[in-house]
1. Could you count how many residues in the stretch 8-18 are without any contact (Cβ under 8 Å) to a residue 40 or more places away in the chain and either under 17 Å from residue 50 (Cα atoms) or crowded, with 16+ Cβ neighbours inside 10 Å (or both)?
2. Given (1) at pLDDT 95 or above; (2) crowded, with 18+ Cβ neighbours inside 10 Å; (3) touching a helix residue (DSSP H, G or I) at 6+ places or on another chain (Cβ under 9 Å), where does residue 49 come up short, assuming only one miss?
3. Looking at the stretch 19-37 only, could you name the residues that are more than 8 Å from the chain's Cα centre (by Cα) and free of Cβ contacts under 8 Å to residues at least 24 places away in the same chain?
4. I need the full set of residues from the stretch 1-34 which are modelled with pLDDT under 95, assigned to a loop (DSSP other than H, G, I, E, B) and in contact with a strand residue (DSSP E or B) (Cβ under 6 Å, 6 or more places away or on another chain), in order please.
5. Could you list, ordered by first residue, the pairs with Cβ atoms under 7 Å in which the first is in the stretch 42-61 and assigned to a loop (DSSP other than H, G, I, E, B) and the second is loosely packed, with under 10 Cβ neighbours inside 10 Å, at least 6 apart or interchain?
């Protein structure tokens, strides 16, 4: 699996592929493969970027 999570930077918007109900999240940090995201409907979640490929959101309209 190509790790697209490595391009994620604080402030970027993402969605979790397995939890669309969490809504759009904003990346807080991306350190050593651990991506901390603050999701609109789930709060702050730490994602193991080696196991879950977050989906970048370019238009949250």
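1. Number of matching residues: 4.
2. That leaves (1) as the condition not met.
3. Start the filter on the stretch 19-37 by keeping residues that are more than 8 Å from the chain's Cα centre (by Cα), which leaves 19-24, 28-34.
19, 20, 21, 22, 23, 28, 29, 31, 32, 34 - these are the residues of the stretch 19-37 that are more than 8 Å from the chain's Cα centre (by Cα) and free of Cβ contacts under 8 Å to residues at least 24 places away in the same chain.
4. Answer for the stretch 1-34, where residues must be modelled with pLDDT under 95, assigned to a loop (DSSP other than H, G, I, E, B) and in contact with a strand residue (DSSP E or B) (Cβ under 6 Å, 6 or more places away or on another chain): just 8.
5. Matching pairs, first to second residue: 53/1.
The values are calculated or read from the model by the stated rules, or taken from the named source; none is laboratory data. Computed from a prediction, not measured in an experiment: that's the story for all the values here. We place every Cβ from the backbone using ideal geometry, glycine too, and count neighbours over all the protein chains shown.
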